[in-house]
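The values are calculated or read from the model by the stated rules, or taken from the named source; none is laboratory data. Just so it is clear, the structure is predicted and the values come from calculations on it, not from any experiment. With ideal geometry, Cβ positions are generated from the backbone for all residues, glycine too; neighbour counts draw on all protein chains shown.
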């Protein structure tokens, strides 16, 4: 247990110490929120869909949690490069615990980042349906965070160096974000797109956030929670297996 | 304590370790000498569960590192050749994390950390982030960390690289003490022949992945008809200079230095 805790603590400490990066990481979501939120707002309104900012805020929170958690998993590559990974790999602790500690740490960091973005959204004018929405939102944020931190760990364990990073970014992480319905409603989509979005685990995460935060969803919170939970378990298992196979 | 029989490790077409066999009995200080790229670190990786042998038998305290990796890991400590500290943590935190991973109880962990950091003259910088440390300080911290727990076998992979004579002296005194007091088996590699001469009970010389000679320092000198271990070493391995190809990790470090200002993420 103490090994899981100390590795979790390491991730959280490193996050809290990187103040410049915390501020830098607010840039992208702010752009989406303010430029798209206010830029596309009138069109969205004319289409009879209400406030775009209101609609998009859960998507932007989901995006931040996605990016932070995947990257925290991929940070494994940095630890490999800077040598720290070896230190943990030869320790007399089952690798599954090392993997769990790292993944939970990454997920916690992603949740903190999500909370930060939620506060930014609230300042920008986002209003959840009720006060209870916020703690319920944390539950979905946590599920998104664990799922994608596990995915990040799986990727980090499988790559040898950062050369594959751009590939992962452009062909996995960005598609996960764009196909998740973070920016557009999932109703009445062309069949092909609807099919692809339904395969994207983040669709269920964003949908769950939308259900609890603004009271409107596509799949319904129950299906969202089931899908997220199931995919998270599969990825945790797969990530643990990949992690146990790392050779230096 | 360590038994290696017909060990082969290949990376693709390249044979890093080519059919070597040796044994290290309990309580011995065993030095593994060889030019760059001879296969020293690869052998250590196989012994310490970081890499799998292509073929051959390896036993650490009677256990196979592939099938009993956790049990094997409980038995050794290691100081790596290349850096393995977390640069975004402080010296104290690096020690503490190591202590927790190696199940050193809280009180002993704190006491030993203090003693070791003082011994290696890092105590007044204990709360500074490791990325602010000089190369020598980092090296000293890695070594201090290696002594935080008392393993059955201690692997030292070129531990004195970049160390000043004072720290080097501290290191070997400490190694000797652990070896004598706790019967710790020591497996070390170094490029400094005088160190091997001073501490090692037995020496194996490895070149191009093969062991070319094994025995005590006196035996090696006698066999080659030379005066010093350095001459014996040169006679055994020739005087051409070897270069290791820069690994992808080294290239990445280079690359990372270029655009990495502060932290490690993104």
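Assorted remarks:
- Selection count, the stretch A:128-159, where residues are surrounded by 14 or more Cβ atoms within 10 Å (Cβ to Cβ) and over 20 Å from residue A:226 (Cβ atoms): 11
- Checked against the criterion of being more than 9 Å from chain B (Cβ to nearest Cβ), within 24 Å of the chain's Cα centre (by Cα), under 19 Å from residue A:117 (Cβ atoms) and not in a loop (DSSP other than H, G, I, E, B), the stretch A:40-50 contains not a single residue that satisfies it.
- Scanning the stretch A:1-23 for residues that are more than 30 Å from residue B:104 (Cα to Cα) and at the interface with chain B (Cβ under 8 Å from one of its Cβ atoms) yields A:20, A:21.
- Qualifying residues in the stretch B:167-182 (those that are closer than 12 Å to residue B:120 by Cβ and in contact (Cβ under 8 Å) with a residue 12 or more places away in the chain) - the one surrounded by the most Cβ atoms within 10 Å (Cβ to Cβ): B:171
- Only one of the numbered conditions (1) touching a helix residue (DSSP H, G or I) at 6+ places or on another chain (Cβ under 6 Å); (2) buried (at least 23 other Cβ atoms within 10 Å of the Cβ); (3) within 11 Å of chain B (Cβ to nearest Cβ) is violated by residue A:102, and that is (3).
- Within the set A:26, A:36, A:53, the sole residue that is more than 10 Å from every other protein chain (Cβ to nearest Cβ), surrounded by fewer than 23 Cβ atoms within 10 Å (Cβ to Cβ) and under 16 Å from the mean Cα position of the chain (by Cα) turns out to be A:26.
- The helices (runs of 4 or more DSSP H) located wholly in the stretch B:195-266 that include 3 or more residues which are within 14 Å of chain A (Cβ to nearest Cβ), on the phi < 0 side of the Ramachandran plot and modelled with pLDDT under 65 occupy B:248-259.
- Yes/no for residue B:181 being touching a helix residue (DSSP H, G or I) at 6+ places or on another chain (Cβ under 7 Å), assigned to a helix (DSSP H, G or I) and farther than 15 Å from residue B:200 by Cα: no
- The single condition among (1) closer than 23 Å to residue B:35 by Cα; (2) surrounded by fewer than 20 Cβ atoms within 10 Å (Cβ to Cβ); (3) in contact (Cβ under 8 Å) with a residue 60 or more places away in the chain that residue B:192 does not satisfy is (3).
- Selection count where residues are at pLDDT 90 or above and surrounded by fewer than 13 Cβ atoms within 10 Å (Cβ to Cβ), scope the stretch A:1-18: 1
- Out of A:234, A:206, A:196, sole residue that is within 19 Å of residue A:61 (Cβ to Cβ), modelled with pLDDT of 95 or more and under 20 Å from the mean Cα position of the chain (by Cα): A:206
- Some residue of the stretch B:15-24 being within 14 Å of chain A (Cβ to nearest Cβ) and either surrounded by fewer than 19 Cβ atoms within 10 Å (Cβ to Cβ) or modelled with pLDDT under 95 (or both): yes
- Selected residue [under 17 Å from the mean Cα position of the chain (by Cα) and either in a loop (DSSP other than H, G, I, E, B) or surrounded by fewer than 24 Cβ atoms within 10 Å (Cβ to Cβ) (or both)] from B:43, B:49: B:49
- For the stretch A:112-127, the count of residues that are buried (at least 18 other Cβ atoms within 10 Å of the Cβ), under 19 Å from the mean Cα position of the chain (by Cα), in contact (Cβ under 8 Å) with a residue 24 or more places away in the chain and under 22 Å from residue A:240 (Cα atoms) is zero.
- Some residue of the stretch A:202-216 being surrounded by fewer than 21 Cβ atoms within 10 Å (Cβ to Cβ) and closer than 30 Å to residue B:42 by Cα: no
- When restricted to residues that are at positive phi and modelled with pLDDT under 90, the stretch B:117-166 contains 1.
- The criterion of at least 3 residues that are over 13 Å from residue A:65 (Cα atoms) and at pLDDT below 95 is met by the following helices (runs of 4 or more DSSP H) wholly inside the stretch A:83-193: A:84-89, A:95-124, A:133-158, A:165-168.
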